[in-house]
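Here is the structure we will look at, set down as structure tokens.
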Amino acid sequence: MGILLAEVSDFLASGPMKLFIGGQWVDAVRRGRLETCDPGTGKVLAEVAAAGQEDVNRAVEAAQQAFKKSGWPAMPANDRAVVLHRLADLIDKHRDILAQIESLDVGKPIAQAAADVAFAAQTLRYYADLSVNTRRREPIAVSGHEAYTLRVPYGVCAFIFPWNFPFLLLSWGISPALATGNAVVVKPAEDTPLSTVYLCRLAQQAGVPDGVINVLPGYGEPAGAALAAHPGIRRMSFTGSPEVGRTVAAACGANLVPVKLELGGKGAAVLFDDIDIDQTASALVSALTLNTGQVCCTATRWLVHESIWDQLVERAKTRLEHLNIGYSLSPGTEMGPVVSPKQKNRVLGYLQRGVAEGASALLPGGEAEIPEFRGGFYVKPALLTGPPENVCAREEIFGPVAYLMPFKTEDEAVDLVNRSFYGLANSVWSKNLDRAHRVAETMVAGSSWINAHNVFKHGIPYAGANLSGLGGGVLGPETLYDYLRPQSVVRPV
Ligand code: NAD
């Protein structure tokens, strides 16, 4: 096991951790608590206050006050960017601490957690810089009138996040909202609140005014539901499952609050017969096992040209059989545990259902035994094959399980990809770039990647189609405008 940093031990021992409202650390009004545990050992990491309806009311009120009185929305964009760059610098400075916290809370290998933290800091910088160069007052050329459009922040923006990339998604979500002068109220997932709580410490040091960032660890019910239904929020962003996304959207709909949904996926990878089989098998194994397959856009359906089926399956199996599954902080761990016993049962349950419905196991998966960490939630990767109607070919499993199907023609492959209700991200693999682009453009999803899977860059929008989401997505320059309300000002002359 890797060595725990003293700062991380101190942070974990500082519990029960509190809510962060209006720049103050406070208990939940009803004294609610939750426990977050280390998925690698099953042991409790920390006790954290769990917000209720009253705390949501307090946080939204604190954010409203900050929006009115802190000067944050009216500050020149450059001054706000200075504060956000300072926050990004502090994240970088505390990168090792944050990475350990994230690695322990989620169970992801430390190198993956460190990469998330670095990316999160870059996202803050990207939107801070973009906001400086965004025109807030755009003259409109119309005859007989003086007219212009103003772009102003909305006010209180609410965010609800899942547990798979807590710190990264936090930054992808709140960076554009903060850079444009909004105040935010954040509910992290109950399984993984720690890095979000830690960010509040850094935000205070960076000089983010009190009440501009409020954090409410808590359960979906009551905290998430109360936040989504609060009439004081002006925008809502939800990242998580389509099931909960629907309830969040319904609550926002009742208040006519615009909502952004980043939901699940069932990503496909289409492998043509001219690929480098070794390299592609290796890349897909990396995609499938990243964060133990708990990645919304990961490649979970592999459509393989029939002429390379045997070789591809063989290479992928060999690579997966030799995967180093272990504790998140142990050097050399390639894949950690899943986040919770619930998630472990979900993955194992899908494997059983898939086989019961007629899938065959090319690699059976199942529970993984890690002798030193018997209490952890470890699973082995699995490869299944069978008809496209199988439950494991259709539904999001959210674990290291791929469903493989052979195809003969390009049309057949595209048809299989587009049978999914989801539409988050797919990839196509071929040396024939004409074909690759043709297929990339025909697959219905927010993102199509060519000869790669899981490609994220600032400036390239990442959003879902169909059941995978709505509202514009994240990471694009347009995302900044999602947090600026347009207002026309007109004077007949
Ligand atoms: P989830 O929907 O169960 O929970 C997400 C968040 O919603 C949590 O904070 C939870 O507490 C909260 N919540 C639960 N019930 C609620 C309610 N009634 N009202 C308001 N909030 C409520 O999802 P999860 O299991 O945490 O995450 C996995 C899902 O997230 C997968 O479907 C995955 O694909 C998706 N996801 C999507 C993206 C993306 O960018 N599209 C990124 C990461 C994860």
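The values are calculated or read from the model by the stated rules, or taken from the named source; none is laboratory data. All figures in this text were calculated on a predicted structure; none of them were measured in a lab. So basically every Cβ, Gly included, is an ideal-geometry build from the backbone, and we count neighbours across all protein chains shown.
Worth pointing out:
- Only one of 416, 480 that is more than 16 Å from the ligand (Cβ to nearest atom), of a type in the set (A, V, I, L, M, F, W, C), under 25 Å from residue 178 (Cα atoms) and not in a strand (DSSP E or B): 480
- Only a single item in (1) crowded, with 18+ Cβ neighbours inside 10 Å; (2) away from the ligand (no atom under 16 Å from the Cβ) is not met by residue 426, and it is number (2).
- Residues of region 110-136 that turn out to be at pLDDT below 95 and either assigned to a strand (DSSP E or B) or in contact with a Lys or Arg (Cβ under 8 Å, 6 or more places away or on another chain) (or both), as a count: 3
- Filter pass, residue 140 being more than 21 Å from residue 38 (Cβ to Cβ) and within 16 Å of the ligand (Cβ to nearest atom): no
- Contact annotation: residue pairs with Cβ atoms under 9 Å, 6 or more positions apart or on different chains, pairing a residue in region 443-467 that is among the hydrophobic types (A, V, I, L, M, F, W, C) with a partner that is more than 15 Å from the ligand (Cβ to nearest atom) and assigned to a loop (DSSP other than H, G, I, E, B), are 443/418; 444/418; 445/418; 450/430; 465/444.
- Restricting attention to region 179-223, the residues being in a helix (DSSP H, G or I), of a type in the set (Gly, Ala, Ser) and either surrounded by fewer than 22 Cβ atoms within 10 Å (Cβ to Cβ) or touching a Pro at 6+ places or on another chain (Cβ under 9 Å) (or both) number 4.
- Selection within region 186-224 - over 25 Å from residue 44 (Cα atoms) and either near the ligand (Cβ under 10 Å from one of its atoms) or small (Gly, Ala, Ser) (or both): 203, 206, 207, 211
- Answer from 359, 299, 281, 316 - the residue that is crowded, with 18+ Cβ neighbours inside 10 Å and within 16 Å of the ligand (Cβ to nearest atom): 299
- Yes/no for residue 353 being more than 21 Å from the chain's Cα centre (by Cα), in a loop (DSSP other than H, G, I, E, B) and either under 23 Å from residue 286 (Cβ atoms) or more than 16 Å from the ligand (Cβ to nearest atom) (or both): no
- Residue 372, sole failed condition from (1) closer than 21 Å to residue 38 by Cβ; (2) modelled with pLDDT of 95 or more: (2)
- Any hit, region 24-32, residues being more than 29 Å from residue 100 (Cα to Cα), surrounded by 15 or more Cβ atoms within 10 Å (Cβ to Cβ) and out of contact with any Pro (no Cβ under 8 Å at 6 or more places or on another chain): yes
- All positions within region 463-493 that are among the polar types (S, T, N, Q) and within 30 Å of residue 144 (Cα to Cα): 487, 488
- Options 33, 80, 95; residue that is modelled with pLDDT of 95 or more and farther than 23 Å from residue 10 by Cα: 80
- Annotation note: Cβ proximity below 6 Å between a residue of region 221-245 that is free of Cβ contacts under 8 Å to residues at least 60 places away in the same chain and a residue that is within 10 Å of the ligand (Cβ to nearest atom) and assigned to a helix (DSSP H, G or I) (sequence gap 6+ or interchain) occurs for 229/251.
- Number of the condition not met by residue 99 [criteria: (1) touching a residue at least 24 places away in the same chain (Cβ under 8 Å); (2) surrounded by 21 or more Cβ atoms within 10 Å (Cβ to Cβ)]: (1)
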